[in-house]
1. Exposed loop sites here are GluC sites (Glu not before Pro) in DSSP loop states with at most 11 other C-beta atoms within 10 Å. What is the longest stretch of the chain lacking them?
2. Take the alpha-carbon centre of the stretch 1-39, take the same for the stretch 136-197, and report the distance between them in whole Å.
3. Among 160, 89, 63, pick out the residue whose Cα is farthest towards the positive end of the charge dipole of the chain, where Lys and Arg carry +1 and Asp and Glu carry -1 on C-beta, about the Cα centre.
4. Say a site is exposed when it is one of the chymotrypsin sites (Phe, Trp or Tyr not before Pro), sits in a DSSP loop, and has at most 10 other Cβ atoms within 10 Å; what is then the longest site-free stretch of the chain?
5. Over 27 Å, how big is the tail of the calculated P(r) for the chain, in percent of all Cα pairs?
6. Going through the stretch 47-105, which trypsin sites (Lys or Arg not before Pro) have at most 14 other Cβ atoms within 10 Å and a DSSP loop state?
7. R0 = 25 Å: FRET efficiency of residue 114 with residue 44, Cβ-based, nearest 0.05?
8. Compare the Cα positions of 132, 194, 28 along the charge dipole of the chain (+1 at Cβ of Lys, Arg; -1 at Cβ of Asp, Glu; about the Cα centre) and return the one farthest towards the positive end.
Amino acid sequence: MVINACRAKKYGFSIIAVTLISFLEVVVGFLCTQILFFVENGEWGGTSFFGAVLLLPLLVMLFSKMKCVSFAKITDLIAPSGLAMYAVNKLNCYVAGCCAGKLMRFTEYGVPVYFPSQICELSTTLVIVLILFVIERFKIFNGKIYPIALVLYGISRFVLNLYRDSKPFVLGLPIGNIWALISVLVGVLWIFISHRNFSINTKNFDKINEG
């Protein structure tokens, strides 16, 4: 909420609108994590963050059409805050001991040393959030913040998932790696479509001016 409120003016949203968007981001995003966990495991009671990453834009698209609000502006707004929430959630994972890393070695005293998966995911996600804050200052990235987040987050999760203690799903890769690849693919396609639409609109605008 705070991250979105601080950037409300930049995207032309009122505080009331940002409050509503932030509320929907949290509630709907949480539901999406539950849905994807059910898809993965066939039961309720857990969370899969890629559910929020991949499903939330679809619901935002529906909301934007109902309220006649720019889909691009909403997704640009919520991309950093969504990843920031995930980073904070990694602290809960660390405390709970879930999402643990693989066993790397034993010390000379026989103490197991595990890869610090939760801390690495938290750190890399915060770095991505900072990158998004920087690039959103440039107009060339308007409407592309969320897909860029998908690409960067997908790449980081794919690499770090290789060091997480997860069961193989297909081709020896955990399910998280599959979602990470899908995240990158969706992000790249989204950027391509956004850039193509921008180019078409620019050409049409130039033709109107010439006429």
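Coordinate-derived values only; no laboratory data. What you are looking at is a predicted structure, and each value in this text was computed from that prediction instead of being measured. Every residue, glycine among them, receives a Cβ derived from its backbone with ideal geometry; neighbour counts consider all protein chains shown.
1. Segment 109-211 is the longest.
2. Cα centroid of the stretch 1-39 versus Cα centroid of the stretch 136-197: 20 Å apart.
3. The Cα lying farthest towards the positive end belongs to 63.
4. 139-211
5. When every Cα pair of the chain is considered, 36 percent fall beyond 27 Å.
6. Answer in residue order: 102.
7. That pair, residue 114 with residue 44, gives E of 0.30.
8. 194
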